[in-house]
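K.L.:
Can you keep this structure in mind? I'll have questions shortly.
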Amino acid sequence: MRAIFLLSLLMMIDPLIGVGYFDPDINDYDAYGLKIAVNNILLVESLPNNYEFLIVLAPYNNVTYEQQCFMEYVDVDHYVYSVGVGSDANDISFYAVGQIIGSSQYQTGSNIDNNIFITFYNSPNAESCLAVSQVLIDYMSLSEPNFLVMVVHPTGQFALVIAENIVFKYNPFVSSRITTNTSFWPDKSFTPRAADIDTNFTVVAGIVSNGPSSRIRASVVVYLIDNNLRQIYSNWTYEPFNSSWQSQLTFSGTNDWSVKYSMSVDINNFDPTLVLVGVPYLNTVFHFVISGSGTILTLSSQIDNGNSIGFGKGVAWLASDQAAILANRYTSTFSLWLSSQIWLYTQLPTIGLTSAPTAIIPNNQQPLPSTINNQLLNMRPISNSLAVLDVAGATLLILSAQPGFYASTDTSLSIESVSIPTISTKQTCVPGTMKNNIGIHPCALCPSGSRSSAGSINCTRCNSSAFCPLGAVAEVEQSQLETLTQAYAYPTPPDVTSFDDILLANVFQLRPYSRCIVISPIFWMLISLFPLVIL
């Protein structure tokens, strides 16, 4: 009887093991998708460990209590993969997509349930955060929902959900809200990792399998698709240089979701023909140009950060010629974080990225606030500004500053108490520095031969006869400089200063004294050799 009972128990448990139930780590803000979205109207962040959303309304430079609130998920069994807003939307609305905790992760045959949800939130009141209310929620079934990427049209009118083996369009403003396409990807093994959308097209980055017999198990692919999900305009596949360290990577274990193979995509809102794609596993950021009325995708340049992993964890355009790259560093297995930096580029050429950044955050003008963890996960652009998410779910808003000012992240300089999220303050460029364009980058030192006063947008050239070192605040005439000699006189040392010289000086000299001859080693050596000479 006991054997029959155990057999029955195993038969009951086996289907559960085979199917696999979704049980995410709700404390991991880096899992499955972007937990933050922002535009000029609102910032929304999914807080999975609290089963709620954080909502902050603009303007961001002086956030009050009425501008921020928390809103609970529809159900505590909902796990939000990512949130999204229209970059140019003019109302308070956002989307959220995710999976139901405890639902079947791999569904086949008759064992199919609604395991995926998408929600649309909207508020008729643009002045009160508390007025945000849920409008719609829809459920659907996906056989393998591990890879689920959502993008929201710039107007906020619809969202595209891109998954493995299926893509669908969600429009909350029509009766048939969901339109699906189950035969969209030319390669059935394609798994999306990141995407961004413009008015007429979407750029999707992901991985395709090369088969178990191939040394390189998978390859990075970027697709340019139309927003109606009817066709793929163009695609590009990464091929490493034979002599590069990237050519030794095997891309094993890509069938299951892992932050190791996460990616980032951002289309330039100021010039939609420019696209950045970050692939941290390759430690590389790719710069693409879109031509042919939005139908041709061409790689124009790429940069990396040496033989490490993590560069390109996040990418963001801040202007038509300004960009930010999240330069993280991890161990080779991606299991341990080492460091995080934000590389800022200004005055970029249209043909690609430059190898050296203009500035790096943190710096002496822009340290990381105490409220922000050193480990940064991702970032999203807000026009010329930037929202940064850390490993604990805290958010840092770095707001752009006009020429002559910089965005300070030093909370000790803020006259307001530290808010949620942490927000930068506008500070005047100190004397000896300048900043001549709008952006989040710090003020730059005036080069040698120039000077500046506080709040300068340019450095003033000094007279050729004046002394103006790097970061000079004023001219100093050469005649006012006093010549100083740093040479100091020391006592003359004795003739012999080391013991070996003393020994040599005494051993190999004979003085005309009988005692000196008796104790001389040379004398006794000659005495010992005399019998041998006679024999």
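K.L.:
Name the single residue, out of those in region 36-73 being assigned to a helix (DSSP H, G or I) and in contact with a helix residue (DSSP H, G or I) (Cβ under 8 Å, 6 or more places away or on another chain), that is nearest to Asp23 (Cα to Cα).
P.N.:
We begin by selecting, within region 36-73, every residue assigned to a helix (DSSP H, G or I); these are 60-62, 65-67.
Still in the list and also in contact with a helix residue (DSSP H, G or I) (Cβ under 8 Å, 6 or more places away or on another chain): 66-67.
Details: Glu66: 35, Gln67: 33 Å.
Ranking the qualifying residues of region 36-73, first place goes to Gln67.
K.L.:
Identify, from the list Thr199, Thr179, the residue that is assigned to a loop (DSSP other than H, G, I, E, B) and of a type outside the set (A, V, I, L, M).
P.N.:
Matching residue, one of Thr199, Thr179: Thr199.
K.L.:
What do you reckon, is Thr254 hydroxyl-bearing (Ser, Thr, Tyr), under 20 Å from Ser82 (Cβ atoms) and within 27 Å of the chain's Cα centre (by Cα)?
P.N.:
For Thr254, the condition - hydroxyl-bearing (Ser, Thr, Tyr), under 20 Å from Ser82 (Cβ atoms) and within 27 Å of the chain's Cα centre (by Cα) - is met.
K.L.:
State whether one or more residues within region 451-461 are surrounded by fewer than 17 Cβ atoms within 10 Å (Cβ to Cβ) and outside any loop (DSSP other than H, G, I, E, B).
P.N.:
The answer is yes, given that some residue of region 451-461 is surrounded by fewer than 17 Cβ atoms within 10 Å (Cβ to Cβ) and outside any loop (DSSP other than H, G, I, E, B).
K.L.:
Quick check on this structure: which one of Ile351, Ile372 is touching a strand residue (DSSP E or B) at 6+ places or on another chain (Cβ under 6 Å), part of a loop (DSSP other than H, G, I, E, B) and not assigned by TED's automatic domain parsing to the domain that holds Ala316?
P.N.:
Going through Ile351, Ile372 in turn, just one is touching a strand residue (DSSP E or B) at 6+ places or on another chain (Cβ under 6 Å), part of a loop (DSSP other than H, G, I, E, B) and not assigned by TED's automatic domain parsing to the domain that holds Ala316: Ile372.
This table checks each residue for (1) at pLDDT below 95; (2) within 25 Å of Asn436 (Cβ to Cβ).
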{"residue": "Gln347", "(1), (2)": "yes, yes"}
{"residue": "Thr354", "(1), (2)": "yes, yes"}
{"residue": "Gln365", "(1), (2)": "no, yes"}
{"residue": "Ser419", "(1), (2)": "yes, no"}
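K.L.:
Sticking with this structure for a sec: Of these, Asn269, Asn242, which one is under 24 Å from Leu386 (Cβ atoms) and either exposed (fewer than 14 other Cβ atoms within 10 Å of the Cβ) or at pLDDT 95 or above (or both)?
P.N.:
Asn269
K.L.:
Further question on the same structure: Yes or no: region 8-22 includes at least one residue that is out of contact with any helix residue (DSSP H, G or I) (no Cβ under 8 Å at 6 or more places or on another chain), part of a loop (DSSP other than H, G, I, E, B) and at pLDDT 75 or above.
P.N.:
Yes, some residue in region 8-22 is out of contact with any helix residue (DSSP H, G or I) (no Cβ under 8 Å at 6 or more places or on another chain), part of a loop (DSSP other than H, G, I, E, B) and at pLDDT 75 or above.
K.L.:
If you go through region 192-208 one residue at a time, do you hit one that is over 23 Å from His287 (Cβ atoms) and out of contact with any Leu (no Cβ under 7 Å at 6 or more places or on another chain)? Please lay out each step first, then the result.
P.N.:
Pass one, region 192-208, residues over 23 Å from His287 (Cβ atoms): none.
Checked against the condition, which is being over 23 Å from His287 (Cβ atoms) and out of contact with any Leu (no Cβ under 7 Å at 6 or more places or on another chain), region 192-208 yields no hits at all.
K.L.:
So, one more: How many residues does region 354-377 contain that are crowded, with 18+ Cβ neighbours inside 10 Å, over 27 Å from Ser82 (Cα atoms) and over 16 Å from the mean Cα position of the chain (by Cα)?
P.N.:
2
K.L.:
Find the residue count for region 416-450, including only residues that are within 30 Å of the chain's Cα centre (by Cα) and in a strand (DSSP E or B).
P.N.:
Residues meeting the conditions: 11.
K.L.:
Show the residue pairs that are 6+ apart or on different chains and have beta-carbon atoms under 8 Å apart, the first residue being within region 475-486 and part of a loop (DSSP other than H, G, I, E, B), the second being surrounded by 10 or more Cβ atoms within 10 Å (Cβ to Cβ).
P.N.:
Glu475/Arg451; Glu475/Cys462; Glu475/Asn463; Glu475/Ala466; Glu475/Phe467; Glu475/Cys468; Leu481/Phe467
K.L.:
Only one residue in Leu130, Leu136 is outside any loop (DSSP other than H, G, I, E, B), among the aliphatic types (A, V, I, L, M) and modelled with pLDDT under 85. Which one?
P.N.:
Selected residue: Leu130, the only one of Leu130, Leu136 that is outside any loop (DSSP other than H, G, I, E, B), among the aliphatic types (A, V, I, L, M) and modelled with pLDDT under 85.
K.L.:
Moving on. Is it the case, given these coordinates, that Tyr233 is over 23 Å from the mean Cα position of the chain (by Cα), assigned by TED's automatic domain parsing to the domain that holds Leu353, in a strand (DSSP E or B) and modelled with pLDDT of 90 or more?
P.N.:
Yes.
K.L.:
Here is a further query. If a residue has to be more than 19 Å from Arg380 (Cβ to Cβ), part of a loop (DSSP other than H, G, I, E, B) and in contact with a strand residue (DSSP E or B) (Cβ under 6 Å, 6 or more places away or on another chain) to count, how many in region 75-91 make the cut?
P.N.:
Count: 1.
K.L.:
How about region 181-203: which of its residues are more than 13 Å from Gln231 (Cα to Cα) and touching a residue at least 40 places away in the same chain (Cβ under 8 Å)?
P.N.:
Within region 181-203, Thr191, Pro192, Arg193, Ala194, Ala195, Asp196, Ile197, Asp198, Thr199 meet the criteria.
K.L.:
Out of region 391-401, which residues are surrounded by fewer than 22 Cβ atoms within 10 Å (Cβ to Cβ) and either in a strand (DSSP E or B) or under 14 Å from the mean Cα position of the chain (by Cα) (or both)?
P.N.:
Val391
K.L.:
Between a first residue in region 243-257 that is touching a residue at least 60 places away in the same chain (Cβ under 8 Å) and a second residue that is outside any loop (DSSP other than H, G, I, E, B), which pairs have beta carbons less than 6 Å apart while being 6 or more apart in sequence or on different chains?
P.N.:
Listed by first residue and then by second, the contacts come to Thr254/Ile207; Thr254/Ala218; Thr254/Tyr261.
The values are calculated or read from the model by the stated rules, or taken from the named source; none is laboratory data. A quick note: this is a predicted structure, and the numbers were derived from the prediction, not measured. We place every Cβ from the backbone using ideal geometry, glycine too, and count neighbours over all the protein chains shown.
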